[in-house]
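Novice: The structure under discussion is supplied below as structure tokens; questions concerning it will follow.
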Amino acid sequence: MTIAPTGNPTSNPAEGGVGRDGIEPRLLGRWLRTGRPANLDEHSRQYRRVPSESGPEIIRLATAAGLRGRGGAWFPTGRKLAAVAEQAAQAGSAYVVVNAAESEPASMKDRLLLQAAPHLVLDGAELAAAAVGARHITVCVHREAHALEALQGAIAERRAGRWGRPGIRLSVVTTPRWYVSAEGTSVARFVGGGPAKPRSVSAYKQGVRNQPTMVSNAETYAQLALIARYGAAWFRQLGTETAPGTWLVTLSGAVVQPGVYEVPVGTTAAEILRLAGGPTEPWQALLLGGYCGLWMPSGSMLDIPLAPEELRAAGVAPGSGVLVGLPAHACGLAETARVVAWLAAQNARQCGPCFKGTPAIAEELAGLTWRQDRRALQRLRYTMAMVYRRGACSHPNGIVSVTESALRVFAADVRTHQSGDGCKWMSRTPTLPIPAPLPLGEPWR
Amino acid sequence: MSRSWQQPPKRIPTDVTTCRFQVDMSVCDGYGICAELVPELIKLDDWGYPILSDGAVPVELARHARRAVRFCPKLALSLVPAEAGSATSETAAVAG
């Protein structure tokens, strides 16, 4: 299944398909066939109504299916639902937030999913609301995704068609453009009227206006909507033992057909690359997980199943499904230096070690990369150790991780840059696009 | 600094020898009073923010530990059961 960056299906239908047997992709199947989002009428004919399960049954189903969050953390969804439900029983109220804020520059899967199958996402969110006892659901979309109207239209369709659980209110908000504003606790805080900045307390305890809040990625809810209809055993037919199901990956970089692909969890990067028509030029490395992810060298690592447990042994993680292929004729150190400079400027300015330390990391990495500063590497390692896990959210950790993995994977470039020889690829057009810096007064609301 | 929206937690438990320090770094402003009061367990990084000892508070430092929590101007420092989560945040460990 192939989707060009514009979101239209190409003329070359999936050779492999989900499960390599030509099985229709679970989330994107209809979109790939028709090239249009399913309106409520089509959705209701394809899926019929969501079974009206009780809260505890929904939690049992999610747990039995082994569904794990698709927002990057891969946290077991059943466990999160149960935690929110437990807190809600004590607090007397609960809230559900659908996180489609997707501030990750190299990720497109959530905005595509919202276009392709909005009703699956909303069905899943309503199931979560029933599970935790919430009567309000807010969908968060990125301010620049221009998804607001379409989603409001889908919600209006549901009301007119009397589709979905009664007594549950759906709303949509657009989140600020900051990278950290798409974090789980940030969106919950924003929905509650605060700034879209991370909090130290988990949303399941204190989220929207301090109510227990279920915050999950849009794709997670869509998967839940399918599990409720087809069951846990069906869900487990694809994927791995510990991370069942399919997932959406966004492939970009030196690839013939970049775009969003739906594959079983555990598919290797090499297989995904094959689905995408192969590389445009030989790769030297792959960035996995996002800009705050980890570099993997090309070669045998591309044959590791992309799933949490399998990747952990290799010191990497699947994250939110971002895969960027770095060509051999590029400088991984320069690419990382640009990314880290941007990431550091995106911090929430809340935690000292982060707002002091991440710009220092960016500066030291820049010194190493662009100014042949021989002592920058030592200072960089010291600063990273001082910053790692010292903030309220994982933003500084992500910056340290991507930097540390770059120093390892691009060790040869580090030596070249330190020795003052520069490198011939460092001025090549960036493979990792850097969004324009946000203006000084860019709002957090 | 934005105000923490947390309900005021019980920051100083009765028996602190089964507790370790935890700081809400989004609230901490780097006053450094905690490091002054119990330097054996709290050091300051290059920017003046606390680096907390991992382990439980030894009995001979219990009084100083309680005092450090009490004197934090931002109420950012607390003592929590020694097995609970990470030193700066639970959300960093369990993303949502």
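The values are calculated or read from the model by the stated rules, or taken from the named source; none is laboratory data. Since the structure is predicted, the reported quantities are computational estimates derived from the model, not experimental observations. Virtual Cβ from ideal backbone geometry, glycine too; neighbours counted across all protein chains shown. Accessible surface areas use protein heavy atoms only, side chains included; no ligands, DNA or RNA. Shrake-Rupley method; radii C 1.70, N 1.55, O 1.52, S 1.80 Å.
Novice: Quick check: pseudo-label points 7 Å beyond the Cα along Cα→Cβ at A:R33 and B:K74, how many nm apart are they?
Specialist: Taking the two extended label points, one gets 5.6 nm.
Novice: Then there's this: Run the dipole for the range A:20-121 about the Cα centre, Lys and Arg Cβ at +1, Asp and Glu Cβ at -1, nothing else charged, and hand back the magnitude in debye, nearest 20.
Specialist: 260
Novice: Suppose only helical runs count, i.e. DSSP H with n ≥ 4. What mean residue ellipticity at 222 nm does that imply for chain A under -39500 (n - 2.57) per run, divided by all residues and rounded to the nearest 500 deg cm²/dmol?
Specialist: Rounded to the nearest 500, the figure is -12000 deg cm²/dmol.
Novice: Over chain A, what is the mean sequence separation of C-alpha contacts under 8 Å (at least six apart), divided by residue count, expressed as relative contact order in percent?
Specialist: Values: 930 pairs, mean separation 73.4, N = 445.
Over chain A, the number comes to 16 percent.
Novice: Between the helical axis of A:77-91 and the dominant principal axis of chain A, each derived from Cα atoms, what acute angle in degrees is found, rounded to the nearest 10?
Specialist: Between the helix axis and the principal axis of chain A, the angle is about 70 degrees.
Novice: Sticking with this structure for a sec: Enter the accessible area per residue of the protein assembly as shown (Å², integer; probe 1.4 Å; all protein chains in place).
Specialist: 40
Novice: Are any of the pairs A:K80/B:K74; A:K109/A:K356; A:K197/A:K356; A:K356/B:K43; A:K80/A:K356 more than 22 Å apart by Cα-Cα distance, and if so, which?
Specialist: A:K80/B:K74; A:K109/A:K356; A:K80/A:K356
Novice: Something else: Between A:S300 and B:T18, how high is the FRET efficiency from 1/(1 + (r/R0)^6) when r is the Cβ-Cβ distance and R₀ = 51 Å? Nearest 0.05.
Specialist: 0.60
Novice: Another one. Report the net charge of residues surrounding A:G164, where surrounding means a beta-carbon distance below 12 angstrom and charges are Lys +1, Arg +1, Asp -1, Glu -1.
Specialist: With Lys, Arg at +1 and Asp, Glu at -1, the net is +3.
Novice: Mind checking the full-extension length gain between A:R162 and A:L438? Use 0.36 nm per residue of separation minus the Cα-Cα distance, one decimal, nm.
Specialist: On the way: separation 276, 0.36 × 276 = 99.36 nm, distance 4.16 nm.
Contour length minus the Cα-Cα distance gives 95.2 nm.
Novice: Figure the gain on full extension for A:S44 and A:T280 (residue separation times 0.36 nm, minus the Cα-Cα span) and round it to one decimal in nm.
Specialist: 80.9 nm
Novice: Right, another one. Between A:A182, A:A412, A:A145, which gets the highest mean-square fluctuation from a Gaussian network model of chain A, Cα cutoff 10 Å?
Specialist: For chain A, modelled as a Gaussian network with Cα springs under 10 Å, the answer is A:A412.
Novice: When you look at the Cβ of every residue in A:352-360, what mean number of other chain Cβ atoms sits within 10 Å?
Specialist: Mean partner shielding for this stretch: 4.
Novice: Considering the dipole of chain A built from charges on the beta carbon (Lys and Arg +1, Asp and Glu -1) around the Cα centre, which of A:Q90, A:L288, A:L302 is farthest to its positive end?
Specialist: A:Q90
Novice: I've got another one for you. I'd like to know which of A:T383, A:S405, A:C393 lies farthest towards the positive end of the charge dipole of the range A:368-411, counting +1 on Cβ of Lys and Arg and -1 on Cβ of Asp and Glu.
Specialist: Result: A:T383.
Novice: If you take every DSSP beta bridge whose two residues both sit in the range A:57-191, what share of them, in percent to the nearest 5, is antiparallel?
Specialist: Working: 1 of 13 bridges.
Once the DSSP bridges in the range A:57-191 are tallied, antiparallel ones form about 10 percent.
Novice: Here's a follow-up. Given H placed 1.01 Å from N in the peptide plane, which residues other than close sequence neighbours of A:G321 have an amide H under 5 Å from its amide H?
Specialist: A:G289
Novice: Something else now. Take every DSSP beta bridge with both residues inside chain A and express the antiparallel ones as a percent of the total, to the nearest 5.
Specialist: On the way: 21 of 42 bridges.
Counting only bridges with both partners in chain A, antiparallel ones make up about 50 percent.
Novice: Sticking with this structure for a sec: Mind ranking A:159-167, A:380-388, A:111-119, A:97-105 by how tightly packed they are, going by the mean number of other C-beta atoms within 10 angstrom, highest first?
Specialist: In decreasing order of mean packing, A:159-167, A:380-388, A:111-119, A:97-105 become A:97-105, A:111-119, A:380-388, A:159-167.
Novice: Calculate how steeply helix A:55-65 sits against the longest principal axis of the alpha-carbon atoms of chain A, using the helix alpha-carbon long axis, and give the answer as 0 to 90 degrees to the nearest 10.
Specialist: Rounded to the nearest ten degrees, it is 50.
Novice: Can you send over the carbon and sulfur percentage of the accessible area for chain A, probe radius 1.4 Å, protein chains only? If you can, show how the numbers build up before the last one.
Specialist: Numbers: 8790 of 16710 Å².
Result for chain A: 53 percent of the exposed heavy-atom area is carbon or sulfur.
Novice: Further, regarding this structure: If I take R0 = 35 Å and measure r between the Cβ atoms of A:R415 and A:E144 in this structure, what FRET efficiency does the formula 1/(1 + (r/R0)^6) give, to the nearest 0.05?
Specialist: Approximately 0.35, to the nearest 0.05.
Novice: Okay, moving on. Let me have the relative contact order for the range A:324-402, percent, based on Cα pairs under 8 Å that are six or more residues apart.
Specialist: On the way: 74 pairs, mean separation 23.2, N = 79.
Answer for the range A:324-402 is 29 percent.
Novice: While we're on this one: Among A:Q350, A:T268, A:A254, whose Cα sits farthest toward the positive end of the charge dipole of the protein assembly as shown (+1 at Cβ of Lys/Arg, -1 at Cβ of Asp/Glu, about the Cα centre)?
Specialist: Positive-most Cα among the choices belongs to A:Q350.
Novice: What's the FRET efficiency of A:E53 with B:R11 using the Cβ-Cβ distance as r and R₀ = 41 Å, to the nearest 0.05?
Specialist: It comes to 0.50.
Novice: When the Cα centres of the range A:387-444 and the range A:319-349 are compared, how far apart do they sit, in Å?
Specialist: 5
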